[in-house]
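What follows is a single structure, written as structure tokens, with notes after it.
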Amino acid sequence: MKITVDGRELSINPNARNLLEALREVGIEIPNLCYLSEVSVYGACRMCLVEVDGQIVTSCTTKPYEGMKVKINTPEIHRMRKTILELILASHNRDCTTCDKNGSCKLQKYAEDFGIREIRFQPMKKENGVDKSSPIVRDSSKCILCGDCVRVCEEVQGVGVIDFAKRGHETKVTTAFDTPLGETECVFCGQCVAYCPTGALSVRDDLDKLMEALEEGKMVVGMIAPAVRTAIQEVFGIRDEVAMAERLVAFLKMMGFSKVFDVSFGADLVAYEEAHEFHERLKKRERLPQFTSCCPAWVKFVEHNYPHLLPNLSTVKSPQQALGTVIKKVYSKKIGVSEDQIFLVSFMPCTAKKFEAQREEHRGIVDLVLTTRELVQLVKMSRVDLNTVVPQPFDRPYGISSQAGLGFGRSGGVFACVLEVLREEVGVVEEEYSTPMDGVRYANISLRDGTKFRGAIVYGLGKVRELMRHLEDFDIVEVMACNFGCVGGGGQPYPNDTKTRQFRAQILRSTMGIKTLVSPNENYYLVKLYEEDLRDEEARHHLIHTNYKPRRRYPEKDVELLPVPGDSKKTVKVCLGTSCYTKGSYTLLKKLIDHVKESDVEGRVEVLGTFCLENCGKSPNVLVDGKLLSEATFEKVLKELGEDV
Amino acid sequence: MERTLEKVEEVLKRYGYKRENLIKILLEIQEHYRYLPEEVINYVGVAMGIPPSKIYGVVTFYAQFSLKPKGKYTIMVCDGTACHMAGSQEVLKGIEEEIGLKPGEVTKDLMFSLDQVGCLGACALAPVMVINNEVYGNLTREKVKEILKGIKEKEREMANA
Ligand code: SF4
Ligand code: SF4
Ligand code: SF4
Ligand code: FES
Ligand code: FES
Ligand code: FES
């Protein structure tokens with residue numbers, strides 16, 4: 001398709017989604033503040049104005065057509081853009097020097113590109129509530145209401161925990177009832193942060209804790225995740241470096257780390273264990289499909305939304321927690337250092353890992369999770385030039401990994417690694433893959449022992465919601481919350497868009513290519529770990545397996561349905577959360593209320609409701625004077641209430 | 001307060017739990033409770049499978065919805081310039097003495113709620129208050145008390161009948 005742009009004839013892709021994309025493909029980037037190719041078009045910021053056949057239009061909402069005459073540089077357009085920027089800036093908290101996005105903020109960049117030096121409008125202060133209740137930090141005073149986070153959270157991740165609220169100048173992006181994010185169903189994937197054009201969304205900065213530990217003279221041990229090494233070069237202008245991880249090892253040693261291990265070793269460990277778990281389940285045909293469990297955002301997503309499928313999650317810990325446990329519980333003994341003298345820091349592309357490390361069952365293992373961006377910060381403040389650092393190998397024994405283990409950094413990596421183990425131990429006679437849509441791959445595998453299985457590999461939690469409708473088609477499902485897997489994690493440097501993620505996946509592939517070991521079974525130190533320390537089944541389970549629990553989606557609060565004042569009463573609390581509701585808890589509640597009202601117990605029995613008692617697997621649930629009745633019925637509740645009722 | 005969710009279920013069922021009916025559903029529920037309690041919004045979210053953030057967004061966007069309880073009798077006291085000069089403070093005092101409410105509050109039995117508003121366009125009658133669309137003008141502290149006493153009396157009779 002041919003169009004004219006500022007008098008030049010250009011040939012553009014006729015199937016481009018809109019004029020903005022079409023021009024981007026030929027190297028012309030129209031300024032934009034609310035357009036993302038990954039989600040639906042919003043068309044609100046008006047920064048992307050262009051003139052088409054004499055009319056000013058927003059290029060993100062305009063379809064290209066043959067022969068259209070486009071002007072992208074007219075005094076009028078420049079004036080309008082400047083006005084829009086000034087309007088946005090007038091109500092923006094412009095603390096650039098201390099902002100997390102300083103240097104990578106789109107708004108800041110445009111203010112500079114368009115030479116905004118003064119703002120003609122009255123400054124309008126926005127409510128300055130900073131939500132620091134979770135690894136995802138939200139500061140509404142910096143929000144420009146582009147809605148990118150809202151659409152990413154809902155359309156890509158299928159979570160939808162934030163949305164626009166209120167109207168007019170009071171409009172803001174927030175959770176239901178302004179609940180702190182840490183108490184909601186947010187899975188902390190950080191994808192909203194990855195796309196926020198300003199500093200309104202950022203990730204909790206924990207670097208101070210590292211400094212404290214170094215100062216206290218603890219034995220600081222580090223471990224680096226696969227995806228970190230793919231992204232750090234972007235920031236420092238290094239190209240195609242396959243020894244990036246080894247440079248980082250050397251750098252961390254300079255910073256005072258005693259040992260630096262490779263999380264890819266943990267990935268080998270996890271895949272090895274998970275492959276056996278899967279093969280067992282497959283033989284017995286139980287708890288299928290098996291879900292991978294190394295993505296903590298996905299795990300939390302299941303806990304909130306699909307509690308009845310928790311048994312399907314592999315019980316193997318994530319590489320971070322599995323390797324962490326081995327370091328704290330096994331390694332510490334070998335080197336004769338007490339585990340509380342070891343300060344274990346993991347470097348992750350991931351924001352959800354910060355949450356994972358703090359989960360009750362994982363306390364005391366990983367002491368600190370730092371994102372790739374925090375590592376970048378550390379490099380920058382140390383003034384070390386990574387280009388000049390001589391690469392150094394990871395420390396033994398947890399320093400080597402197979403190609404497949406390193407592959408955990410991108411979507412499909414866990415599946416491939418599990419398959420490597422099965423190939424080695426059982427043998428694979430046939431494998432066949434298909435890609436029904438972007439972000440979803442299907443696999444059909446036949447093993448030498450005659451078993452066949454079907455796998456699905458998915459990224460983006462929104463797509464998982466679709467997959468849930470035909471789960472019975474699969475025996476194993478790999479899920480990574482972030483698009484393209486961990487290379488696109490919420491803790492990775494900006495920009496963190498599709499193009500950058502694909503590039504990182506490519507670097508990871510080259511880095512895998514130079515590894516000599518193919519499958520975890522060839523990992524000599526892994527074999528040794530199994531022989532020496534994980535031989536005993538019970539000990540192994542204790543060390544590298546874990547458990548999950550249903551999680552409520554609403555803050556814990558009693559709903560007064562039929563309250564009774566005073567203390568001499570019996571209290572019945574009926575769960576109205578999704579699982580229990582679906583299992584008929586309302587009908588049960590109605591029966592109870594009718595019974596209480598009709599019989600002479602009114603005034604002695606109070607009826608309350610609640611949203612989720614976190615026992616969703618056995619719904620409906622009812623609490624009678626604090627005692628939990630699972631799979632409750634009207635009769636069960638009456639019996640518990642006692643004779644006189 | 002008793003709040004059995006019976007009405008909520010009835011409305012939801014009538015509208016087939018359908019997303020496109022969300023606003024109608026919320027309006028009807030609000031008519032019943034005179035506002036939208038947080039737990040009712042959460043309940044609707046569970047029953048309809050809509051994230052609570054979306055419902056919160058809708059409810060805070062449209063002026064018709066209220067997240068704060070309103071009384072059966074909503075009292076609006078004008079504090080525009082004319083009314084202020086003519087003694088709107090006296091009106092407020094009268095209300096506080098009779099039913100113990102300050103602006104922004106609701107009585108425990110949800111009978112009365114009180115808000116202070118800007119000019120109501122009836123300055124000739126200043127000071128002015130409006131109770132459920134009925135305008136009362138030329139008020140004094142005593143007159144206000146009489147009016148409220150009258151309403152309470154009427155309510156009592158209705159309750160006994
Ligand atoms: S971290 Fe993920 S789940 Fe939480 S608000 Fe952001 S996109 Fe949504
Ligand atoms: S928080 Fe960021 S992404 Fe979300 S609406 Fe505000 S500026 Fe846009
Ligand atoms: S895909 Fe990777 S980076 Fe993203 S949340 Fe999951 S584990 Fe973290
Ligand atoms: S990018 Fe087109 S309107 Fe915002
Ligand atoms: S919905 Fe979770 S226990 Fe009832
Ligand atoms: S100032 Fe009260 S009605 Fe105008």
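Just a few scattered comments:
- All positions within region B:32-55 that are under 27 Å from B:Leu101 (Cβ atoms) and at the interface with another protein chain (Cβ under 7 Å from one of its Cβ atoms): B:Glu38, B:Glu39
- Applying the criterion of being buried (at least 17 other Cβ atoms within 10 Å of the Cβ) and in contact (Cβ under 8 Å) with a residue 40 or more places away in the chain to the residues of region A:43-61, the residue that is farthest from A:Lys2 (Cα to Cα) is A:Cys45.
- Top-ranked residue of region B:68-105 - restricted to ones that are among the hydroxyl-bearing types (Ser, Thr, Tyr) and within 16 Å of ligand 6 (Cβ to nearest atom), ranked as nearest to the other protein chains (Cβ to nearest Cβ): B:Thr81
- Test: residue in region A:539-548 that is touching an Asp or Glu at 6+ places or on another chain (Cβ under 9 Å), more than 14 Å from every other protein chain (Cβ to nearest Cβ) and farther than 30 Å from A:Tyr272 by Cβ: no
- Just one of the listed residues (A:Glu112, A:Glu118) is more than 16 Å from ligand 3 (Cβ to nearest atom), modelled with pLDDT under 95 and surrounded by fewer than 16 Cβ atoms within 10 Å (Cβ to Cβ), namely A:Glu118.
- Checklist (1) closer than 25 Å to A:Val228 by Cβ; (2) in contact with an Asp or Glu (Cβ under 8 Å, 6 or more places away or on another chain) applied to A:Asn444, failing item: (1)
- In the set (1) under 19 Å from A:Tyr554 (Cβ atoms); (2) under 37 Å from the mean Cα position of the chain (by Cα); (3) among the aliphatic types (A, V, I, L, M), A:Val607 fails one condition alone, (2).
- Looking only at region B:57-94, residues that are out of contact with any Gly (no Cβ under 8 Å at 6 or more places or on another chain), of a type in the set (Gly, Ala, Ser) and within 28 Å of A:Glu170 (Cα to Cα) come to 4 in all.
- Checking B:Cys119, B:Cys123 one by one, the residue that is within 14 Å of ligand 6 (Cβ to nearest atom) and modelled with pLDDT of 90 or more is B:Cys123 and no other.
- Among the residues making up region B:104-161, those that are of a type outside the set (A, V, I, L, M, F, W, C), free of Cβ contacts under 8 Å to residues at least 40 places away in the same chain, surrounded by 15 or more Cβ atoms within 10 Å (Cβ to Cβ) and under 17 Å from B:Asp79 (Cα atoms) are B:Glu105, B:Tyr136, B:Gly137.
- Residue match in region A:469-492 (condition: more than 16 Å from ligand 1 (Cβ to nearest atom), away from chain B (no Cβ under 14 Å) and among the basic types (Lys, Arg)): no
- Test: A:Lys283 is over 21 Å from the mean Cα position of the chain (by Cα), touching a residue at least 24 places away in the same chain (Cβ under 8 Å), under 21 Å from A:His545 (Cβ atoms) and assigned to a helix (DSSP H, G or I): yes
- Of all the listed residues (B:Lys108, B:Lys149), the sole one being more than 16 Å from ligand 5 (Cβ to nearest atom) and away from chain A (no Cβ under 14 Å) is B:Lys149.
- Looking only at region B:88-106, and only at residues there that are outside any helix (DSSP H, G or I) and of a type outside the set (D, E, K, R), the one that is modelled with the lowest pLDDT: B:Gly104
The values are calculated or read from the model by the stated rules, or taken from the named source; none is laboratory data. Keep in mind that what you see is a predicted model, and the values were worked out from it rather than measured. Cβ coordinates were reconstructed from backbone atoms using ideal geometry, including for glycine residues, and neighbour counts include every protein chain displayed.
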